[in-house]
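Written out below as structure tokens is the structure these notes cover.
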Amino acid sequence: MLLFAEYIDAATSISESCGGGGSAPSSYWGKTFINATLELESAIQQYQRAETKLGGAVTTISKKVDTINQHIDKVLENAPTQLKVSVQVNDADWQKIQELFAKERQWMTAQMKGHIREVNDIFLRKRKSAIERYEEADGIFFGHYAQWFFMFFFYIGIICTAVITIAIIGRYCDWF
């Protein structure tokens, strides 16, 4: 079978190790080669059987794991309704718990304040960079004036369009 799978070198080395092979043909070499080929085919078949058994075992295990996961999911779904827990804590332990929560709350507040400061600093830097981007050499903010300039002509356009539309409708309806 190895010959058909183009493993000539492997088949030759196996046959040489069994006492035959090489480049000089002999009558014993053919028998040894056939025996080696049969042993290899037998080993391949054993491997395939073992692989089939292993595949079946993996399938069985995966089905069992799926069953376990389904049971765990059912237990977790029913846990809030079926599981009742009551805990009794003495005053000293309760005080320690409250102190730990207070420390944790203070730490979280400090962390949040630090993050808020960082975000505010980022906004401040962005605002300064935007101002620098629109600022001309003489200190005039071009962005502000450009906005008013374009808004002025936008409103003039809206007013002109409204006047022309009213004039056209007025002539058609004999208002004027």
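The values are calculated or read from the model by the stated rules, or taken from the named source; none is laboratory data. Model, not experiment: these values are computed from the prediction. Please note: Cβ atoms are built from the backbone with ideal geometry, for glycine as well, and neighbour counts cover all protein chains shown. The accessibility values were calculated without ligands, DNA or RNA, using every heavy atom of the protein model including side chains. Shrake-Rupley method; radii C 1.70, N 1.55, O 1.52, S 1.80 Å.
Odds and ends about this structure:
- Spin-label pair TRP148/ASP93, simplified geometry with 7 Å Cα→Cβ offset, distance in nm: 7.2 nm
- Once all protein chains are placed together, PHE150 keeps about 140 Å² accessible to a 1.4 angstrom probe.
- Net length gained if the chain between ILE68 and GLU132 were fully extended (0.36 nm per residue, minus Cα distance): 16.6 nm
- In the stretch 44-103, lysine pairs closer than 17 Å at Cα, eight or more apart or cross-chain: 5
- Note, ³J(HN,Hα) from phi for the stretch 152-163, Karplus 6.51, -1.76, 1.60, rounded to Hz, x at Gly and Pro: 4, 6, 5, 5, 4, x, 5, 5, 4, 4, 5, 5
- Sequence-distant lysines (8 or more away, or on other chains) whose Cα lies within less than 29 Å of LYS126: LYS113
- Given R0 = 45 Å, the distance between the Cβ atoms of LEU76 and ILE164 translates into a calculated FRET efficiency of 0.05.
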